[in-house]
Amino acid sequence: MNMHTPALSPSQVVFPALGTTAALLVTDPAALPAAEAVLRAELAAVDRACSRFRPDSELTRVNVSAGATTTVSPYFAEALQAALRAARLTGGAVDPTVGSAVIALGYDRTFTSLSPEDARPMPVTRPASGWRRIAFDPRTRRLRLPPGTRIDLGATAKALAADRAARQAAAETGCGVLVSLGGDLATAGPAPEGGWRIALADDHARPDPEGGPAVAVSGGALATSGIRVRTWRRGGRVLHHIVDPITGDPAALVWCTVTVAAATCVDANAVSTAAIVLGERAVDWLRGTGLPIRLTGLDGTVVRLGGWPPDVHAPALAGFATTAPGGPR
């Protein structure tokens, strides 16, 4: 990772997807249609498999079948393995069994359909049932959830789709590709001269027009997690979508945003989400990862770890991708 350096703007396309914004940048303008086709196919696949808002999704079927053994598709198996890996790497701070807790808090429909003011009283929160209780055989793709368990793949499925789409689009076109899904960024193939230019923001949909911190990356992935974009009120409390599996409550408000650079978007997003959950314990844990990380506290204080460069501000120009909290659908 380097500080921002000028470079020619890659060709790009931006469109709504998964309740957020999808952005695709390619180094070869002629490759944009083929790369876009790859991305749209991947988005359709992840929505069919992992959406908790579609009654016909595979995730919905799996959750309804909790307590029984079922066979899942290859795509769902990959998404589940990504979620279980995230749980293992984060010591359970990112746990796919928080589905019931998220629903109980009121996030039981797409965010655009969610009432910003929920008059219902706060529910009694309960800990997640725990990822270690999931019985899954990757070889046979046989899965059994504990009775009453709902899994939520929001912390990993979107990032996995970004990784998969970037790799496949680069393989098919032979050019450099950047995929951003709500600010979860994955790159593949050769980077443009000067690297991929990434602007950091609190909200992927509303980057600072005057310019904010920016970095350039030559490969790998970036992800940002935060607590200001997906919020609503219930019972007089401001709630957000990142749940602490230990309590079943939204994570304590310590960090406004956490941005992580890693080899894959799945790993970057797992670590950034874990940092929000860990709160005051995050910095010590993050140092152990050795990854470049930038944290912004609620008061605007910035903490940089793992060689993250000093902030260099750049205007929000064409050719920039943005990493910011986008949230699950």
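Here's the yes/no breakdown for (1) among the hydrophobic types (A, V, I, L, M, F, W, C); (2) surrounded by fewer than 16 Cβ atoms within 10 Å (Cβ to Cβ):
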{"position": "64", "(1), (2)": "yes, yes"}
{"position": "76", "(1), (2)": "yes, no"}
{"position": "90", "(1), (2)": "no, no"}
{"position": "95", "(1), (2)": "no, no"}
{"position": "102", "(1), (2)": "yes, no"}
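Exactly one residue out of 279, 236, 300 is at pLDDT 95 or above and either farther than 30 Å from residue 43 by Cα or in contact with a helix residue (DSSP H, G or I) (Cβ under 9 Å, 6 or more places away or on another chain) (or both), and it is 279.
With respect to residue 149, is the statement that it is polar (S, T, N, Q), surrounded by fewer than 24 Cβ atoms within 10 Å (Cβ to Cβ) and either modelled with pLDDT of 95 or more or under 16 Å from the mean Cα position of the chain (by Cα) (or both) true?
In short, yes.
Could you tell me which residue of segment 252-275 is farthest from residue 292 (Cα to Cα), considering only residues that are hydroxyl-bearing (Ser, Thr, Tyr) and assigned to a strand (DSSP E or B)? Can you show your working first?
Of all residues in segment 252-275, those hydroxyl-bearing (Ser, Thr, Tyr) come to 257, 259, 264, 272-273.
Then keep just the ones that are assigned to a strand (DSSP E or B); that gives 257, 259.
Working: 257: 14, 259: 8 Å.
Once the filter is applied, the top-ranked residue is 257.
Selection of segment 156-180 for residues being assigned to a helix (DSSP H, G or I), surrounded by fewer than 24 Cβ atoms within 10 Å (Cβ to Cβ) and touching a Pro at 6+ places or on another chain (Cβ under 8 Å) yields an empty set. In segment 18-42, the residue that is farthest from residue 197 (Cα to Cα) out of those that are in a helix (DSSP H, G or I) and among the small types (Gly, Ala, Ser) is 41. For segment 249-276, a residue qualifies if it is farther than 24 Å from residue 80 by Cβ, of a type in the set (A, V, I, L, M) and modelled with pLDDT under 95, and the qualifying residues are 252, 253, 254. The single residue among 26, 38 that is touching a residue at least 12 places away in the same chain (Cβ under 8 Å), touching a Pro at 6+ places or on another chain (Cβ under 7 Å), crowded, with 22+ Cβ neighbours inside 10 Å and among the β-branched types (Val, Ile, Thr) turns out to be 26.
Scanning segment 181-190 for residues that are in a strand (DSSP E or B) and over 16 Å from residue 21 (Cβ atoms) gives 187, 188.
The values are calculated or read from the model by the stated rules, or taken from the named source; none is laboratory data. Predicted model, so just to flag it, every value in this text is computed and none were measured. Cβ coordinates were reconstructed from backbone atoms using ideal geometry, including for glycine residues, and neighbour counts include every protein chain displayed.
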